[in-house]
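**Student:** Below: one structure in structure tokens.
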Amino acid sequence: MIRRDAIENIMEYIDDEIVVCNIGFPSKELYDVKDRDENFYMIGSMGLVSSIALGLAIAKKDKEVVVIDGDGAFLMNLNSIITTFVEKPDNLTWIVIDNGAYGSTGNQETYANDINLLEIAKSVGFEDAYEFEDIDLKEVINNKKCSFIRYSVEPGNSPAPVIPLSPEEIKERFMEAISK
């Protein structure tokens, strides 16, 4: 199983939730799998998708927010897990797709192969930290807790097309969709 398969699996559980997706191939794959106005496709700023999702979860307490992150981006901004834990928005589910590689830049190996991302989340204080295969994702999304999920896959990118929207178009349609 590669990242695209994980994204397809995750999106089976998504109805009206806000989804914020990591840069590069993950966003392209999400767009190809299930484009929705409520999806925010991160075009740049590697490592900051979790910070954007945290801000949305705090601002939009009436909506569930799901962040699809990558292991490389997660490791790039480790401070975000501490900030997220301290804020603990009960409407945030953070999924890190761990393929042990920087998928969007040539599949160079990350340090996720040497450390346990789930143990990092637990060591910060996340009591609701899970391996994906051990849970019912819809149940976790709706559990009214700030949750962290590690989804382990093999490295590899699918031949997803480029998103045919400009960053401004992505932002505008997303902002309109979540303001309703």
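Each value in this text was obtained by applying a stated rule to the coordinates, not by laboratory testing. This is a predicted model, so every value here is computed, not measured. As a convention, Cβ positions derive from the backbone with ideal geometry for all residues, glycine included, and neighbour counts pool all protein chains shown.
**Student:** Once the cut-off is 16 Å, how many percent of the Cα-Cα pairs in the stretch 1-98 end up in the long-distance tail?
**Tutor:** The share of Cα pairs beyond 16 Å in the stretch 1-98 comes to 50 percent.
**Student:** Antiparallel as a % of all DSSP beta bridges within the stretch 58-135, to the nearest 5?
**Tutor:** The answer is about 25 percent antiparallel.
**Student:** Shifting gears a bit: Quote the charge dipole size of the stretch 81-180 about the Cα centre in Debye, to the nearest 20; the model charges only the Cβ of Lys and Arg (+1) and of Asp and Glu (-1). Show your work: numbers first, answer last.
**Tutor:** Values: 9 positive and 18 negative charges, 70 e Å.
About 340 debye.
**Student:** When the chain is fully extended, how far beyond the present Cα-Cα distance does Thr105 get from Val86, taking 0.36 nm per residue of separation?
**Tutor:** So the extension gain works out to 3.7 nm.
**Student:** A further question follows. Could you give the radius of gyration (one decimal) and Dmax (whole number) of the Cα atoms in the chain, in Å?
**Tutor:** For the chain, the Cα radius of gyration and maximum Cα-Cα distance read 14.7, 43 Å.
**Student:** As a check on your grasp of the helix formula, calculate [θ] at 222 nm for the chain: sum -39500 (n - 2.57) over DSSP H runs of n ≥ 4, divide by the residue count, round to the nearest 500.
**Tutor:** -11000 deg cm²/dmol
**Student:** Between Ile82, Ile23, Ile149, find the one with the highest GNM mean-square fluctuation for the chain; connect C-alpha pairs within less than 10 Å.
**Tutor:** Of Ile82, Ile23, Ile149, the most mobile in the Gaussian network model is Ile82.
**Student:** In nm, to one decimal, how far is the Ile43 label point from the Met1 one, both placed 7 Å along Cα→Cβ?
**Tutor:** About 3.2 nm, to one decimal.
**Student:** Which is farthest toward the positive dipole end of the chain among Asn39, Asn113, Asn79, measuring Cα position about the Cα centre, with Cβ charges +1 (Lys, Arg) and -1 (Asp, Glu)?
**Tutor:** It is Asn79.
**Student:** Another question, then. Relative to a virtual label point 7 Å from the Cα of Ile178 in the Cα→beta-carbon direction, which members of the stretch 21-65 show backbone nitrogen distances below 12 Å?
**Tutor:** Within reach of a label on Ile178: 21, 38-42, 49-65.
**Student:** Same structure, new question: Mean-square fluctuation check for the chain, GNM, Cα pairs under 10 Å: which of Glu87, Glu131, Glu168 is largest?
**Tutor:** Glu168
**Student:** Hey, another quick one. Once you've got the GNM for the chain with C-alpha springs shorter than 10 Å, pick whichever of Val67, Val162, Val96 has the biggest mean-square fluctuation.
**Tutor:** Answer for the Gaussian network model of the chain: Val162.
**Student:** Here's something else I'd like to know. State whether the stretch 83-180 is rounded, prolate or oblate according to the following rule on the C-alpha gyration tensor (a ≥ b ≥ c being the square roots of its eigenvalues): a/c under 1.5 gives rounded; otherwise a/b larger than b/c gives prolate, and the remaining case gives oblate.
**Tutor:** Oblate shape, in that a/c is at least 1.5 and b/c is the bigger or equal ratio.
**Student:** Here's another thing I want to ask about it. Tyr13 to Ser166: FRET efficiency via 1/(1 + (r/R0)^6), r the Cβ-Cβ distance, R0 35 Å, to the nearest 0.05? Walk me through the intermediate numbers first.
**Tutor:** Details: r = 29 Å, r/R0 = 0.83.
Efficiency for this residue pair is about 0.75.
**Student:** As an exercise, find the ratio Rg/Rh for the stretch 127-180 from alpha-carbon atoms, using the Kirkwood inverse-distance average for Rh.
**Tutor:** Values: Rg = 16.3 Å, Rh = 14.7 Å.
Radius of gyration over Kirkwood radius for the stretch 127-180 works out to 1.11.
**Student:** While we're looking at this one, here's another question. With label points built 7 Å along Cα→Cβ from the Cα atoms of Asp128 and Ser158, find their separation and express it in nm.
**Tutor:** Distance between the two pseudo-spin positions: 2.8 nm.
**Student:** Once you keep just the Cα pairs under 8 angstrom separated by 6 or more residues, what percentage relative contact order results for the chain?
**Tutor:** 27 percent
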